[in-house]
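S.K.: Just dropping this structure here.
Quick note: the coordinates plus some simple rules give every number you see, no bench work behind them. What you see is a predicted model, and the numbers here were worked out from it, not measured in a lab. No Cβ is skipped: glycine too gets one built from the backbone with ideal geometry, and neighbour counts run over all protein chains shown.
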Amino acid sequence: MSSGARASQYLRALARRRSVREKERRYLIDGPVLVADALRMHVPLEAIYVEAGTNADLVDDATAAGVMVHVVPAGQMQRYTDVTTPQGVVAIAPTPSLTVQDVLDRADAAPVVVLCEVSDPGNAGTIVRMAEAAGVGAVLFCDGSVDPFAPKCVRASAGSIFHVPVVSGGKPVQVLEAIKGRDVQLLGTDARRGKPYDEVELSTPFALVLGNEAHGLPDEIANHLDAWVHVPMTGDVESLNVAMAASVICFDAARQRRSARP
């Protein structure tokens with residue numbers, strides 16, 4: 001088997017299988033915009049694979065940064081990624097080795113978002129993107145949630161996964177107990193339970209705990225929460241998309257923090 005064939009098989013395995021990403025401690029960054037952002041943020045890329053005749057400026061930037069560049073024959077890029085219509089470049093990056101304690105130390109007084117069994121990579125990536133925009137200190141993906149470094153999640157984050165501290169793993173109850181030990185209020189989200197978000201004090205440290213798109217938070221989580229919060233709705237809408245609900249609450253928290261400043 002040629003080196004090109006071995007490389008394409010390896011990258012496809014990273015794209016398709018979480019177990020491979022976790023074992024190798026590597027993930028893929030797909031497309032020129034994301035790869036350029038990773039270079040700008042000094043993400044330690046191990047290599048990039050670029051289709052011949054494309055992305056010349058990006059190749060120059062990667063070479064200048066000391067990143068190994070491999071040229072893929074024209075028309076063969078789909079062999080190196082999970083994208084149906086690839087954009088001509090994909091990079092390999094090491095998965096960050098942050099722990100829950102690491103990100104809690106860094107978060108300071110900023111809110112933290114905790115995902116419990118959130119399964120859709122598009123939703124999860126959108127939450128990471130929202131977290132950067134709303135000043136969230138970290139996003140914690142508990143056991144049972146989607147892999148934040150799955151290709152669809154990385155793309156949905158639109159590069160925010162390079163900017164926001166993200167941790168994958170940890171039993172939900174243990175993660176919540178670690179947060180509570182920092183005197184951080186644990187707020188569970190529900191379609192109807194608890195106070196409306198605009199009646200809750202969100203300018204002080206809190207963790208917003210989000211559950212599965214269809215089933216919400218598991219019952220065993222309820223005993224570890226300090227309170228519940230919801231987004232009031234009118235009409236016949238049963239619930240909001242989990243990323244949308246997180247955005248409404250976290251942006252109101254940002255507003256409250258701004259209002260609380262001297």
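S.K.: Once the other residues with Cβ under 10 Å from the Cβ of Gly135 are scored (Lys, Arg +1; Asp, Glu -1), what is the net sum?
M.R.: Net of charged neighbours comes to +1.
S.K.: Okay, next question. Rounded to the nearest 500, what is the chain's calculated 222 nm mean residue ellipticity when only DSSP H runs of at least 4 contribute -39500 (n - 2.57) each, over all residues?
M.R.: Taking each H run of at least 4 residues, the total per residue is -11000 deg cm²/dmol.
S.K.: Can you report the principal axis dimensions of segment 187-227 using only the alpha carbons, biggest first, rounded to whole angstrom?
M.R.: 28, 19, 14 Å, listed from the longest principal axis down.
S.K.: Indicate the gyration tensor shape class of segment 103-179 (rounded, prolate or oblate), computed on the Cα atoms with a ≥ b ≥ c the square roots of the eigenvalues: a/c under 1.5 is rounded; otherwise a/b larger than b/c is prolate and the rest oblate. Don't skip to the end; give the middle numbers.
M.R.: On the way: a/c = 2.12, a/b = 1.14, b/c = 1.85.
The shape class here is oblate.
S.K.: Between beta-carbons, use under 15 Å as the cut-off and find the net charge around Ser119, counting Lys and Arg +1, Asp and Glu -1.
M.R.: Numbers: positive: Arg18, Lys152; negative: Glu117, Asp120, Asp143, Asp147, Glu213.
Once positives and negatives cancel, what remains is -3.
S.K.: Restricting to the chain, what percent of DSSP beta bridges are antiparallel, rounded to 5?
M.R.: Of all bridge pairs located within the chain, approximately 30 percent are antiparallel.
S.K.: Now for a different question. Once Rh is set to the Kirkwood radius over Cα pairs, what Stokes-Einstein translational diffusion coefficient, in µm²/s, holds for segment 119-257 at a temperature of 25 °C and a viscosity of 0.890 mPa s?
M.R.: My calculation gives 162 µm²/s for D.
S.K.: Same structure again: Do any GluC sites (Glu not before Pro) in segment 1-95 lie in a loop, going by DSSP, with at most 14 other beta-carbon atoms within 10 Å of their beta carbon, and if so which?
M.R.: Counting only loop positions with at most 14 other Cβ atoms within 10 Å, the GluC sites (Glu not before Pro) in segment 1-95 are Glu46.
S.K.: For segment 181-262, give me the percentage of DSSP beta bridges that are antiparallel, rounded to the nearest 5 percent. If you can, show how the numbers build up before the last one.
M.R.: Numbers: 1 of 10 bridges.
Restricted to segment 181-262, the bridges split so that about 10 percent are antiparallel.
S.K.: Also, quick follow-up: Local charge sum around Lys195 (other residues, Cβ-Cβ under 13 Å, Lys/Arg +1, Asp/Glu -1)?
M.R.: Summing Lys/Arg as +1 and Asp/Glu as -1 gives -4.
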